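We did not get these values from a lab; they are worked out from the coordinates using the rules stated. Since the model is a prediction, treat every value here as computed from it, not as a measurement. Cβ placement follows ideal geometry from the backbone for every residue including glycine, while neighbour counts extend to all protein chains displayed.
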Amino acid sequence: MKFTYYPGCSLESSAKEYNLSAQSVCRGLGIELLELEDWSCCGATSAHNTNRLLAELLPARNLFIAQRMGYDIAVPCSACYSRLKKTDYVLRNNEEKRREIEQALGFKFDGSVQVYHLLEALTVKFGTANIAAQVKKPLAGLKAACYYGCLIVRPPEVTGFARPENPMIMDGLVNALGAEARPWSYKTDCCSSNQGLVNAGIARRVVDRILGMAAEAGADAVVTACPLCQTALEMRRSPDITIPVFYFTELIGIALDLPARKDWFVKHLVDPGPLLQNLSLAG
Amino acid sequence: MSAAAECTTLSGLNGFAREVGEKSGQSIQLCYQCQKCAAGCPMGEFTDYYPNQILRLIQFGRKEEVLKSKGIWLCFSCETCGARCPNDINIAEVMDTLREMALAEKVPPGIKNAPIFHQAFLNSVKNRGRVHETLMMMNYKLKSGDLFSDLDVGLKMFQKGKLPILSRSIKNKGEVKKIFHRASGK
Ligand code: SF4
Ligand code: SF4
């Protein structure tokens, strides 16, 4: 199986461990990721909060590169995914805008490639059962709260995500890896990452509440599928909260017993080492 | 009957409501104040107006209060409101439209540093094709005057190699610059 891969800016800096783990895990599973040639920023929140045309043109440039390369796109960052997926939706459903975008970028959209979040690419396209079949080191004893955040599920008419109020694909994956996904009700609450730099006090309250609910649900760790969520949950918390936050790719990496995982966990701001040692999963 | 209740189409609305409706592509007039949006809105405890109140102010043509509100800049863009609205109003899209209008009309922002952050972010994209997170944050700090927050966690990220000084620009920077010119109408 082959995808074009759009890492996005965060995976080159604040979320390096997500990039490393995503690439190792895909290699381990036999999935080929072709990095989008000369990809550019999707514009993120700042573009759609200030200039909506910019918020369509920036992702469209990347969609056109993927179309040229000829493979469906896998996107690890939920914010990038949202921008790419929304623009793809506009290109498919709004003829007037499609013409405007095509004309601005000098390219014809043919709709031949699909946009997937990396979580969907792995669990739905490649298949959770196929991942489970390769597990060498089941994550026995790990109780995890699967945190989906906003933009992977909403707006549902664009993402087409199953069960947007109580999504289950990450829970299914975590269970298939041998851990226990705890039921909880904050799965799709917002991490407030777009307020982090500007209103740090607000972000701390929002993040502490999410982490508090995860602990109350009996989880020893939170699992995310977004660099902005993961960074907010580590960086914006009150300093006395110690629950670690993993990328879902890191958990797959442990279960596949990939030795490269040592290089991922040292990058965390909240050390997952003690928990992994307790469960004999440190490797 | 209130002005809002009488309207069933955008054309029956006041000028401001019509403009917001047309620019956002959303049926502002359909909001009947069920408050489902407000119930799940994560900025609820911090904002001056809940999303349903913003909608009501728009219906009543209270442009100034809307465009200078804190709410339009505090909004997390989480899309919870629109996903739950029984009238399929995509409120996040309305919020984007309102911020764009506030900037175009140079209304002083209810949260002073929010547009400064967006500007720092987009300048970085415009110059390099990708965001240079380290430079972008330094730039934001200088422009906002908020120099001393996050220093401890910033240092930790730097030590972990998460705020690299060197990072790649893209090859076709000109293509991205062109996109910026096009979008700003220049
Ligand atoms: S959910 Fe929709 S109809 Fe209900 S108050 Fe909010 S915007 Fe109005
Ligand atoms: S998108 Fe904005 S207004 Fe809507 S629920 Fe989220 S924070 Fe509230």
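For the stretch A:20-109, the spread of Cα positions along the three principal axes, ordered from largest to smallest, is 43, 27, 22 Å.
Just checking the listed ones, A:LEU53, A:LEU63, A:LEU122: in the Gaussian network model of chain A with Cα springs under 10 Å, the one fluctuating most is A:LEU53.
Which whole number gives the average, over all residues in A:196-204, of C-beta atoms from other chains lying within 10 Å of the residue C-beta? Present the calculation step by step, with values, prior to reporting the outcome.
Values: counts 2, 14, 14, 8, 4, 2, 7, 1, 0.
If you average over the peptide's residues, the count of other-chain Cβ atoms is 6.
Three principal axis extents of the stretch B:114-184 based on alpha-carbon atoms, in descending order, are 39, 25, 12 Å. Note on chain B: GNM, Cα springs under 10 Å; of B:CYS75, B:CYS34, B:CYS85, the largest mean-square fluctuation is that of B:CYS34.
How big is the Kirkwood radius of the stretch A:52-210, worked out from every pair of different alpha carbons and given in Å to one decimal?
Numbers: mean 1/r = 0.0569 Å⁻¹.
After inverting the mean inverse Cα-Cα distance, the result is 17.6 Å.
Mean per-residue shielding of peptide B:156-165 is 4, counting Cβ atoms of other chains within 10 Å of each Cβ.
Please identify every one of the GluC sites (Glu not before Pro) in the stretch B:59-165 that sits in a loop by DSSP and has no more than 15 other beta carbons within 10 Å of its own beta carbon.
Numbers: sites: B:GLU64, B:GLU65, B:GLU79, B:GLU93, B:GLU100, B:GLU105, B:GLU133; in loops: B:GLU79, B:GLU105.
For GluC sites (Glu not before Pro) across the stretch B:59-165 that sit outside H, G, I, E and B with at most 15 neighbouring Cβ atoms in 10 Å, the list reads B:GLU105.
In whole percents, the pair-distance distribution calculated for chain B from its alpha-carbon pairs, binned every 10 Å from zero, is 9, 28, 29, 22, 10, 2, 0.
Here's the list of aspartates and glutamates a cross-link from A:LYS267 could span, going by alpha-carbon distance under 17 Å and ignoring same-chain residues fewer than 8 apart: A:GLU12, A:GLU17, A:GLU234, A:GLU250, B:GLU133, B:ASP152. B:LYS126: which lysines have alpha carbons under 20 Å from its alpha carbon, excluding same-chain residues fewer than 8 sequence positions away? Within reach: B:LYS141, B:LYS143, B:LYS171, B:LYS173, B:LYS177, B:LYS178, B:LYS186.
Model label points for A:ALA129 and A:ARG99, set 7 angstrom from Cα along the Cα-to-Cβ axis, are 4.7 nm apart. Between A:TYR89 and A:ASP38, the modelled label-to-label distance comes to 3.0 nm, taking each label 7 Å out from Cα in the direction of the beta carbon.
As an exercise, take the mean of 1/r over every pair of distinct alpha carbons in the stretch B:3-104, invert it, and state the Kirkwood radius in angstroms. Present the calculation step by step, with values, prior to reporting the outcome.
Numbers: mean 1/r = 0.0757 Å⁻¹.
Over the stretch B:3-104, the inverse of the mean reciprocal pair distance is 13.2 Å.
Mean residue ellipticity at 222 nm from the helices of chain A, using -39,500 (n - 2.57) per DSSP H segment of n ≥ 4 over the full residue count, to the nearest 500 deg cm²/dmol? Don't jump to the answer; show the numbers that get you there.
Working: 13 runs with 125 residues, N = 283.
Taking each H run of at least 4 residues, the total per residue is -13000 deg cm²/dmol.
Please report, to two decimal places, log10 I(q)/I(0) for the stretch A:136-278 at q = 0.17, 0.20, 0.21 Å⁻¹ as given by the Debye formula with identical point scatterers on the Cα atoms and no solvent. At q = 0.17, 0.20, 0.21 Å⁻¹ the computed log10 ratios are -0.93, -1.27, -1.38. Between A:ASP72 and B:ARG62, the modelled label-to-label distance comes to 4.8 nm, taking each label 7 Å out from Cα in the direction of the beta carbon.
Among the lysines of the stretch A:2-117, pairs that are 8 or more positions apart or on different chains and have alpha carbons within less than 21 Å of each other number 6.
Loop-located trypsin sites (Lys or Arg not before Pro) in the stretch B:77-131 (DSSP state other than H, G, I, E, B) with a sparse environment of at most 11 neighbouring Cβ atoms within 10 Å: B:LYS106.
Taking every Cα-Cα distance in the stretch A:90-149 and sorting them into 5 Å bins starting at zero, the pair-distance distribution P(r) comes out as 4, 12, 14, 15, 13, 9, 10, 7, 8, 6, 3, 0 percent.
Where in the stretch A:1-74 are there GluC sites (Glu not before Pro) that are in a DSSP coil and have at most 15 other Cβ atoms within 10 angstrom of their Cβ? Write out the running numbers ahead of the final one.
Numbers: sites: A:GLU12, A:GLU17, A:GLU32, A:GLU35, A:GLU37, A:GLU56; in loops: A:GLU37.
Taking the stretch A:1-74 and a limit of 15 other Cβ atoms within 10 Å, the loop GluC sites (Glu not before Pro) found are A:GLU37.
The GNM of chain B, with springs linking C-alpha atoms under 10 angstrom apart, assigns the highest mean-square fluctuation among B:LYS173, B:LYS36, B:LYS141 to B:LYS173.
When the helices of chain B are scored as -39500 (n - 2.57) per DSSP H run of n ≥ 4 and the total is divided over every residue, the value at 222 nm lands at -15500 deg cm²/dmol. Taking every Cα-Cα distance in the protein assembly as shown and sorting them into 10 Å bins from zero, the calculated P(r) comes out as 4, 20, 31, 27, 13, 3, 0 percent.
With angles folded into 0 to 90 degrees, how steeply does helix A:200-216 sit against the dominant principal axis of chain A? Use alpha carbons for both and round to 10. It is inclined by approximately 50 degrees.
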